[in-house]
1. Consider Arg114 carefully, then state whether it is closer than 18 Å to Asp48 by Cβ, loosely packed, with under 15 Cβ neighbours inside 10 Å and either under 17 Å from the mean Cα position of the chain (by Cα) or among the β-branched types (Val, Ile, Thr) (or both).
2. Kindly indicate whether any position in the stretch 100-121 is at positive phi, among the small types (Gly, Ala, Ser) and either outside any strand (DSSP E or B) or modelled with pLDDT under 90 (or both).
3. Exactly one condition in (1) under 18 Å from the mean Cα position of the chain (by Cα); (2) over 28 Å from Ile33 (Cβ atoms); (3) acidic (Asp, Glu) is false for Glu108; which is it?
4. Can you tell me which residue within the stretch 61-81, out of those that are surrounded by fewer than 16 Cβ atoms within 10 Å (Cβ to Cβ) and farther than 17 Å from Ser120 by Cα, is modelled with the highest pLDDT?
5. Of all the strands (runs of 3 or more DSSP E) wholly in the stretch 1-66, which have at least 3 residues that are under 18 Å from Gly91 (Cα atoms) and of a type in the set (Val, Ile, Thr)?
Amino acid sequence: MKEKILVIEDDEAILRILRRGLSLEAYQVETAIDGPAGLAKAREWHPDVIVLDWMLPGLDGLEVCRRLRTAGTVPVLMLTAKDAIQDRVQGLDAGADDYLVKPFELDELTARVRALLRRSQPERLPVLTFADLQLDTSTRQATRNGRVISLTAKEYDLLDLFMRHPRQVLTRDVIFDRVWGYDFGGESNVLDVYIRYLRQKLVLGEEQQLIHTARGVGYVMREQA
């Protein structure tokens, strides 16, 4: 399943930017424009990360965060124009996991969202399964039909990404961003090389290929047609 991001923000311009930017990163995105609506959406939709503005109508972000904390441990990234140390402390004490001061760059926000997801994912989904392939994220070990597959660190990161987004076409830019970092400036063919390595390790004998090329776009993990 795609990770679910809830954005609670009353500034329509910022909301549009975040919805578009996070959607392009292949996340499912829902939005709310005030505190009560945001709480209701969080309880109904069970997001994986909440991006929460401090200054909201109805209930401010601090109160929303406190109420979220009484109900669960969903990671919260607080957005605010307040940049004094005491304001940051107040936000973190209310239960926020991270804090980003406006104005901010979209790249930094998405990087922080990824970090929050990485921090929470081992508890949420320790074993990923697709077809006859399994990936244990606690031991970082892949197996297929009982066969242990030895992976390098980058091969593991690549497989982990595909298995968290099954049957979804991932663009080259998204893969570079998630596996090598959004500021990666390496050779353009490095992804193709690692895809080839991973395909060779995943398939033995009559086993079907699971990672396919989406020509001109990127790659997708799916069953053969």
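The values are calculated or read from the model by the stated rules, or taken from the named source; none is laboratory data. The structure displayed is predicted, hence computed values, not measured ones. Note that we place each Cβ from the backbone using ideal geometry, even for glycine, and neighbour counts take in every protein chain shown.
1. Details: closer than 18 Å to Asp48 by Cβ: yes; loosely packed, with under 15 Cβ neighbours inside 10 Å: no; either under 17 Å from the mean Cα position of the chain (by Cα) or among the β-branched types (Val, Ile, Thr) (or both): yes.
Here the answer is no, as Arg114 does not meet what is asked.
2. Step one: filter the stretch 100-121 for residues at positive phi, giving none.
Taking every residue of the stretch 100-121 in turn, none turns out to be at positive phi, among the small types (Gly, Ala, Ser) and either outside any strand (DSSP E or B) or modelled with pLDDT under 90 (or both).
3. It fails just one condition, (2).
4. Of the residues in the stretch 61-81, the ones surrounded by fewer than 16 Cβ atoms within 10 Å (Cβ to Cβ) are 63, 66, 69-73, 81.
In the following step, the residues that additionally are farther than 17 Å from Ser120 by Cα were identified as 63, 66, 70, 81.
Values: Glu63: 93, Arg66: 90, Thr70: 80, Ala81: 85.
Per the criteria, the residue is Glu63.
5. Working: elements: 4-8, 28-32, 49-53.
Of the strands (runs of 3 or more DSSP E) lying wholly inside the stretch 1-66, those with at least 3 residues that are under 18 Å from Gly91 (Cα atoms) and of a type in the set (Val, Ile, Thr) span 49-53.
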